[in-house]
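Okay, so here's the structure we're looking at.
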Amino acid sequence: MKPLSIKVKITCWYTGLIIFILAVIMAGIVFGTDKVLVQGVQRELQDEVYDVAEDINYTNGSIDVNDVDFFDDGVLISLYTKEQTLFAGQLPAGLPAAVPFQSEQVQTVKVDGSQWLVYDLYITAKGEEGIWVRGAVSLSPAYETRNQILFVCMVLFPFLVLLAGYGGWLITQNAFQPVTLIQRTAAEIESSGDLSRRIHLTGSQDEIYQLAQTFDHMLDQLEMSFKAEQQFTADASHELRTPVTVMMTHAEYALAQKDNWQEAAEAIQVILQQAEKMNSLISALLLLARADHRTDNLEFEMINLSEVAEMVVEEMEIAARKRNITICTDIEPDLMLMADQTSMMRLLLNLCQNAIRYGRDNGWVRLTLKREDGGIQGSVADNGIGIAPAEQEKIWKRFYQVDPARHKREDSGTGLGLPIVKWIVERHGGSIAIDSCLNGGTTVRFCLPVNRQSKL
Ligand SMILES: Nc1ncnc2c1ncn2[C@@H]1O[C@H](COP(=O)(O)OP(=O)(O)OP(=O)(O)O)[C@@H](O)[C@H]1O
Ligand SMILES: [Mg+2]
């Protein structure tokens, strides 16, 4: 059996509740009005009988009933002698004559299928014969009123139940519309794989609106990371294809040089260079993939950044010398900080490599490191080709390279150096910024907290 929807459940629940409440009200009317109306009629009867008793006068030894009203407010009055013989007033037709006289007692008598209340009062005047005053009133008008109320209820209540049910259904239908929309959007995304779809819920900013907003934001994030991953894969494949093509061409060429070992060796040399390039590209890709999945295995320990920097400078000397670039340093000794040594080395190497690669022949590169504001401030500056302001934001993106044609060199990179540098700095809880002027040189500044283990 198909399970009931929440809409149906809610509608059934409060329609049932309304029916229950109305049934209770109806029972109240049936039993309550009976009691209230009968009591009212009874009071009316008693008051009338007492009024009549006061209106009876004795003139010269005989009873004067001129002032007595024998029919008032539906109450019939009759007067009897002490011996219970009727001498004035009238009895309701069909009232059994033998209704016993009981002073100040309300009696219920059935007359032709309808109920009557009878009330007797025995009065005496000084030196006069006592007389009975009997009042009788029919309960039919009271029951008629009750029946009329019941009739109105019977007509009105089903209408109220229908109204409540329909109104409730409409309200729940309205309230659940956004949920249906969310579910439909999710189903469409699932079937079409189109991550660009959104709910775009409008209207009151209630909990469901918040849910739809969160859902849309989540889709934004998903779409972004999906696109980034696609872009990353496409860029990585593209970057890997170039060295592979070069290697294949040179391998074929080398194989063809059966008698010319010199030519073959040169081709193998090119293959080796490309293999090295591929190797560094693959390790950069691996590092970024681990960073994305937060599975990097950085080892944070107290390291001497000054020593690391000296090692980096030593390593970069060969590349700098090739272009006659002078590396000058201003490194405060024994700068200790909690960091992953390999990452720190990679950070400084990448920055110095860039400064040399994009520096001027016969130019300079300056590496500074000092303690400042409870952290370590560092900078790598050069007087090279610089970066135009419009490009400065983009260089942090993966695979982005500023017009590679402007620095055609054998050791052209892949555009992963700075994204890795940025990740390392942020992973160590620091920040990094670039200050550059086209053809006027570049300075990359970073700061690292001494004791912060990791931002993540
Ligand atoms: N010091 C600098 N001077 C001028 N341009 C720079 C400098 N550093 C980086 N750039 C520009 O920013 C781009 C991105 O640098 P990044 O280090 O990320 O990649 P890459 O150096 O091209 O390759 P990789 O570092 O992966 O070998 C470079 O292509 C270059 O155009
Ligand atoms: Mg680089």
In sequence order, calculated HN-Hα J values of the range 66-73 (Karplus, 6.51, -1.76, 1.60; Hz; x Gly/Pro) | 4, 7, 7, 9, 7, 9, 8, 6
Show me 234-240, 46-52 ranked by packing, highest mean number of other Cβ atoms within 10 Å first.
-> 46-52, 234-240
Work out the FRET efficiency for Ala27 and Tyr50 from their Cβ-Cβ distance, taking R0 = 41 Å, and round it to the nearest 0.05.
-> 0.70
Applying the gyration tensor rule to the Cα atoms of the range 228-374 (axes a ≥ b ≥ c; rounded if a/c under 1.5, else prolate if a/b exceeds b/c, else oblate), the class is oblate
Roughly how big is the range 298-449's charge dipole about its Cα centre, with Cβ charges of +1 (Lys, Arg) and -1 (Asp, Glu), in debye to the nearest 20?
-> 740
Taking the Cβ of Glu252 as the center, what net charge do the other residues with Cβ under 13 Å away carry, scoring Lys and Arg +1 and Asp and Glu -1?
-> 0
Using 0.36 nm per residue of separation minus the Cα-Cα distance, give me the extension gain between Asp330 and Asp373 in nm, one decimal.
-> 13.7 nm
Given a Förster distance of 45 Å, the FRET efficiency implied by the Cβ-Cβ spacing of Glu391 and Trp261, rounded to the nearest 0.05, works out to 0.50
Looking at Asn354, Cys328, Ala381, which one has the Cα that reaches farthest to the positive end of the dipole of the range 305-444 (charges on Cβ: Lys, Arg +1; Asp, Glu -1)?
-> Asn354
Please list, in chain and number order, the residues 5+ apart from Trp364 or on another chain whose amide H is under 5 Å from its amide H, with Hs placed from the backbone.
-> Thr326, Asn383
A 1.4 Å probe over the protein heavy atoms gives the chain a carbon and sulfur accessible-area percentage of 56
Could you work out how far the C-alpha centroid of the range 336-385 sits from that of the range 227-277, in angstrom?
-> 31
Pop the C-beta distance of Tyr14 and Ala228 into the FRET formula with R0 = 60 Å and round what comes out to the nearest 0.05.
-> 0.75
Provide the per residue accessible area, probe 1.4 Å, for the chain, rounded to a whole number of square angstrom.
-> 60
Between Val450 and Gln105, what length in nm is gained on full extension when 0.36 nm per residue of separation is reduced by their alpha carbon distance?
-> 113.9 nm
Dipole check, the chain, charges on Cβ (K,R +1; D,E -1), about Cα centroid: among Thr414, Ala289, Ala93 the Cα furthest to the positive pole belongs to Thr414
Cβ-based net charge around Val137, under 12 Å, with every Lys or Arg adding one and every Asp or Glu removing one = -3
Charge dipole of the range 207-290 built from unit charges on the beta carbon (Lys, Arg +1; Asp, Glu -1), centred at mean Cα; most positive-end Cα among Val270, Ile208, Gln231 is Val270
In sequence order, calculated HN-Hα J values of the range 423-431 (Karplus, 6.51, -1.76, 1.60; Hz; x Gly/Pro) | 4, 4, 4, 5, 5, 9, x, x, 9
If the label point is 7 Å along Cα→Cβ of Asp403, which residues in the range 345-388 have backbone nitrogen under 15 Å from it?
-> 385-388
Sum up the charges of everything whose Cβ sits under 12 Å from the Cβ of Leu285, counting Lys and Arg as +1 and Asp and Glu as -1, but leave Leu285 out.
-> -1
Taking the highest mean first, how do the peptides 185-194, 422-431 order by number of other beta carbon atoms within 10 angstrom per residue?
-> 422-431, 185-194
Extension gain Ile282-Asp112, at 0.36 nm per residue separation less the Cα-Cα distance, in nm?
-> 50.2 nm
For the range 70-130 and the range 148-179, compute the distance between their C-alpha centroids and round to whole Å.
-> 52
With θ set to phi - 60°, apply the Karplus curve 6.51 cos²θ - 1.76 cosθ + 1.60 along the range 218-229 and write out the HN-Hα couplings as whole Hz, x wherever there is a Gly or Pro.
-> 4, 5, 4, 4, 4, 5, 4, 5, 5, 5, 4, 5
Please report, in debye to the nearest 20, how large the charge dipole of the chain is about its Cα centre when each Lys and Arg carries +1 at its beta carbon and each Asp and Glu carries -1 there.
-> 2500
Spherically averaged projected area of the chain from its Cα convex hull (nm²) = 47.8
So how many Å³ per residue does the convex hull of the Cα atoms of the range 318-453 work out to?
-> 108
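The values are calculated or read from the model by the stated rules, or taken from the named source; none is laboratory data. Keep in mind that what you see is a predicted model, and the values were worked out from it rather than measured. Cβ atoms come from the backbone with ideal geometry, glycine included; neighbour counts cover every protein chain shown. Areas reflect the complete protein model, heavy atoms only, side chains present, ligands, DNA and RNA absent. Shrake-Rupley method; radii C 1.70, N 1.55, O 1.52, S 1.80 Å.
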